[in-house]
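The structure appears below as structure tokens.
The values are calculated or read from the model by the stated rules, or taken from the named source; none is laboratory data. Because the structure is predicted, anything quoted here is derived from the model rather than measured. Note: ideal-geometry Cβ built from the backbone for every residue, glycine included; neighbour counts use all protein chains shown. What goes into the accessible areas is simple: the full protein's heavy atoms, side chains included, and nothing from ligands, DNA or RNA. Shrake-Rupley method; radii C 1.70, N 1.55, O 1.52, S 1.80 Å.
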Amino acid sequence: MTRLAVNDDELVTCVACGLCLPHCPTYRVTGDESASPRGRIAAMRAVHAGTAPLDAEFSRYMAECVQCRACEAACPSSVAFGHLMEGARETLAVETSAVPRWQRLGYALLGHHRVLVGLSRLLAVAQRARLVPKRLGVPRVPLRASPLHATGDDVWLFTGCVMDAWQRDVHAAVIRVLGAAGVGVALPDPRRAPCCGALHVHAGLHDRAQAFARRVIAAFPGDAAILVDSAGCGAALQDYGRLLGTDDARAFSRRVVDVHQWLADRLDRLPAVAAAPVPAAVAVHDPCHLRHVQKTHLPVRAILGRYVPVVDLDDDGLCCGAGGAYAALQPELATAVRDRKLDAIARTGAPVVASANPGCTWFLAAAGVDIRHPLEIVDAALFGPSRRP
Ligand code: SF4
Ligand code: SF4
């Protein structure tokens, strides 16, 4: 009998009411109970109680979850679904071959920033030579990422792994916008803080995620706020207290703030009007880890709305299907989930979409959406389109 690495109290909290089902993207596209939060919790309980095996079917039920945590936000019983799913995946990663060696190698690579940047350059060259099929949906990687420069020590900016290698222009835009608010930004050594470990947590690689957390904490000395411009990274950093269970980790997590929330609390520091032409309207796509986990999606609207008309999607914040590595590991389900998001975007009629998470940006851009980070749009409004990539 296998006990899952979950908290027994959290596992028994679900009363099977089903109120979360309409909020679950995989249930919405399949209609299968096994692809719903309630079904997944029932499967966890059966394995945990020893009445069902830890087999391929259970592994599939868990793997098909996007880990968007929309169910958690909708649950009247406050079921901690994210913790349960992470615990189930941790057991699968330890006890089975659910995370094959090639995936573990890819996750390990995220801890070696220079190698990641070097491989990204090779990928960029291969893309220019048309050696990377478009159907793979790999975003266009820059040939050369311009160096970032610290501008002060008022706040830290977390730069991360793939985002720093592929979307460093977003970090540059964020630093300029913070500069416009009179805020000096300190930057970590990317070799010391190479990755937040979110993908490792989601895959169940608990020990590896803890190792990343310890490295990241050591790379941000002092007590200045640590601003994050990626929703997934921000949620992971804010969970270090639970991940490590130490006072240091809890103190670190309290310093982590989503950059939009931090700026929205100081909105009057930003220029009142745009200095350059802006899009006719911007539709806001909320990354799940901003809306359902950090619950800080509204500040994006407050900042964008200062410069450009903002339009909301009418899909109650349904996931886009990107889900970290989910789009690569579950392409059919991810595409079906994305189709609903594309319909919602089309209904807005807005020419530009904003999203504060790199995974969402790449996955929606691969379907032809003109999508940018919210602070890239603000940067262009303040400093002109030449600043945009
Ligand atoms: S997770 Fe919450 S909303 Fe969903 S079935 Fe269980 S108690 Fe109900
Ligand atoms: S985390 Fe998202 S995909 Fe997984 S069960 Fe909850 S709502 Fe469904």
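Brief remarks follow.
- Every residue from region 271-312 that is out of contact with any Lys or Arg (no Cβ under 8 Å at 6 or more places or on another chain), under 30 Å from residue 202 (Cα atoms) and assigned to a loop (DSSP other than H, G, I, E, B): 286, 287, 295, 296
- All positions within region 22-35 that are under 14 Å from residue 65 (Cα atoms), open to solvent by 10 Å² or more (accessible area, probe 1.4 Å) and in a helix (DSSP H, G or I): 23, 27, 28, 29, 30, 33, 34
- Filter result for residue 171 (closer than 18 Å to residue 287 by Cα and in contact with a helix residue (DSSP H, G or I) (Cβ under 9 Å, 6 or more places away or on another chain)): yes
- Between 257, 201, the distinction of being of a type outside the set (S, T, N, Q), open to solvent by 10 Å² or more (accessible area, probe 1.4 Å) and part of a strand (DSSP E or B) belongs to 257 only.
- For region 56-65, the criterion of being closer than 20 Å to residue 35 by Cβ and in contact (Cβ under 8 Å) with a residue 40 or more places away in the chain is met by at least one residue.
- Region 162-183: number of residues that are open to solvent by 20 Å² or more (accessible area, probe 1.4 Å) and either under 16 Å from residue 360 (Cα atoms) or touching a Leu at 6+ places or on another chain (Cβ under 7 Å) (or both): 6
- One residue alone among 193, 145 is part of a loop (DSSP other than H, G, I, E, B), closer than 30 Å to residue 210 by Cβ and open to solvent by 10 Å² or more (accessible area, probe 1.4 Å), and that residue is 145.
- Qualifying residue in region 296-310 (condition: among the polar types (S, T, N, Q) and either at pLDDT 95 or above or over 20 Å from the mean Cα position of the chain (by Cα) (or both)): no
- Identity of the residue in region 36-55, surrounded by 16 or more Cβ atoms within 10 Å (Cβ to Cβ), in a helix (DSSP H, G or I) and without any contact (Cβ under 8 Å) to a residue 24 or more places away in the chain, that ends up nearest to ligand 2 (Cβ to nearest atom): 39
- Counting only helices (runs of 4 or more DSSP H) that sit wholly inside region 60-114, those with at least 1 residues that are within 16 Å of ligand 1 (Cβ to nearest atom), at negative phi and surrounded by 19 or more Cβ atoms within 10 Å (Cβ to Cβ) are 70-74, 81-95.
- Residues that are without any contact (Cβ under 8 Å) to a residue 40 or more places away in the chain and in a helix (DSSP H, G or I) were ranked within region 9-20; the one that is nearest to ligand 1 (Cβ to nearest atom) is 12.
- No other residue among 88, 80, 93 is more than 16 Å from ligand 2 (Cβ to nearest atom), modelled with pLDDT of 95 or more and under 22 Å from the mean Cα position of the chain (by Cα) apart from 93.
Each row is one residue, and each column tells you yes or no for (1) at pLDDT 95 or above; (2) surrounded by fewer than 22 Cβ atoms within 10 Å (Cβ to Cβ); (3) not aliphatic (A, V, I, L, M).
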{"site": "292", "(1), (2), (3)": "yes, no, yes"}
{"site": "312", "(1), (2), (3)": "yes, yes, yes"}
{"site": "339", "(1), (2), (3)": "yes, yes, yes"}
{"site": "343", "(1), (2), (3)": "yes, yes, yes"}
{"site": "352", "(1), (2), (3)": "yes, yes, no"}
{"site": "373", "(1), (2), (3)": "yes, no, yes"}
{"site": "384", "(1), (2), (3)": "no, yes, yes"}
